[in-house]
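Coordinate-derived values only; no laboratory data. Everything numeric in this text was worked out from a predicted model, so none of it was measured. All Cβ positions, even for glycine, are placed from backbone atoms using ideal geometry, and neighbour counts span all protein chains on display.
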Amino acid sequence: MANILTVAMLKRRGMAAIEEGLRHGPIHIAKRNKPATVVLSEDEYSRLIGNQPEQLPGQTALQWLLSNPFGPRGSCPRDRRLSQRLAAELEDNAPQRPALAVCK
């Protein structure tokens, strides 16, 4: 039999009902005779998610960068200067190609 707790029982007994129910495994909370929520112990929850880092609501750093919150790339003078410096460094570090002899 599933470990079911109704909202009415939860209101009546509070945390004691949850603590008692968790001794028998996860608790299924029913609202209006329909499954609504599952309550897990901290140990069970940790086992379930493994070593995953906690996810915060909102965007990831990559999503934030891709959304370009400061306008299109290259729109500020600093971006243009950095792009020019990068291009110059790439040219300086590019392997030198031997000159091709042209036959006539």
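Bridges between two residues of the stretch 1-50, per DSSP, are antiparallel at a rate of about 60%.
For the pair R85 and A36, label points projected 7 Å from Cα toward Cβ lie 5.8 nm apart.
Running Debye on the stretch 1-50 with equal point scatterers at the Cα sites and no solvent, what base-10 log of I(q)/I(0) appears at q = 0.15, 0.26 Å⁻¹? So the normalised log intensities work out to -0.39, -0.98.
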